[in-house]
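The values are calculated or read from the model by the stated rules, or taken from the named source; none is laboratory data. Computed from a prediction, not measured in an experiment: that's the story for all the values here. For neighbour counting, all protein chains shown are included, and Cβ atoms are generated from backbone atoms with ideal geometry for every residue, glycine included. Heavy atoms of the whole protein, side chains included, go into the accessibility calculation; ligands, DNA and RNA do not. Shrake-Rupley method; radii C 1.70, N 1.55, O 1.52, S 1.80 Å.
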Amino acid sequence: MAKTMDKSALRQQLLTARRALPGPVRQLANKNILHRIISHPRWLIAKHIGCYVSLKNEVYTHQLIAYALAIGKQVSAPVIHPVEHELYFCPIHDFSVLKPGLLGILEPELEDPTPPKALDLLLVPGVGFDLQRNRLGLGKGFYDRFLTTTSAFRLALAFEAQIVPELPIFFQDIPMHAVVTEKRII
């Protein structure tokens, strides 16, 4: 139980740090992260990318998705099934098809889900990450459950303010292959 409380307190601390980033700092960080992603070897070879649609203070992915579509990559975005409460990725072709889903996050329609094994690269959000590339999410387990179904390269996007030396982890927590921040790739 202590680990759960540690995670909860750390989650709040990291969410506060992410929200506190000033607009100009956030903009520059987003630009640097975008540049690191599109020059990453896994991005360059990926044909089908699973990418989250960012919320207001997450690493911004809208430009990244638009760029991927413009250069001919297939892109699928996450959808939370309203009854099963499981995460699926469904194809998107432009932002006009996205609508607020179960948690208020923009999602495509839940039709013709992309087979998890079809994804080459998965861009993953998170509240925090550590130097061992462990991820702290919002605590619902959607991504951890989905990650067990895919062999895609897991590339997390985070601001440097979201990186801590070590996170409390449980057996179901799946580490990332790499974490991209505005300053480095871990």
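If a residue must be part of a strand (DSSP E or B) and among the aliphatic types (A, V, I, L, M), how many such residues does the range 95-122 contain?
Looking only at that region, the number is 3.
Of the residues that sit in the range 125-141 and are open to solvent by less than 30 Å² (accessible area, probe 1.4 Å) and among the hydrophobic types (A, V, I, L, M, F, W, C), which one is nearest to the chain's Cα centre (by Cα)?
VAL127
Can you pull out the residues in the range 27-47 that are under 25 Å from ALA161 (Cβ atoms) and surrounded by fewer than 20 Cβ atoms within 10 Å (Cβ to Cβ)?
Of everything in the range 27-47, those that are under 25 Å from ALA161 (Cβ atoms) and surrounded by fewer than 20 Cβ atoms within 10 Å (Cβ to Cβ) turn out to be GLN27, LEU28, LYS31, ASN32, LEU34, HIS35, ARG36, ILE38, SER39, HIS40, ARG42.
Here are the criteria: (1) out of contact with any His (no Cβ under 7 Å at 6 or more places or on another chain); (2) in contact (Cβ under 8 Å) with a residue 60 or more places away in the chain; (3) in a strand (DSSP E or B). Tell me which single one PHE129 does not satisfy.
(2)
From the residues in the range 111-122 that are of a type outside the set (S, T, N, Q) and open to solvent by less than 20 Å² (accessible area, probe 1.4 Å), which one is farthest from the chain's Cα centre (by Cα)?
LEU119
Matching residues to (1) at positive phi; (2) surrounded by 13 or more Cβ atoms within 10 Å (Cβ to Cβ); (3) modelled with pLDDT of 95 or more:
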residue	(1), (2), (3)
ILE49	no, yes, yes
VAL53	no, yes, yes
LYS73	no, yes, yes
SER96	no, no, no
LEU103	no, no, no
GLU109	no, yes, no
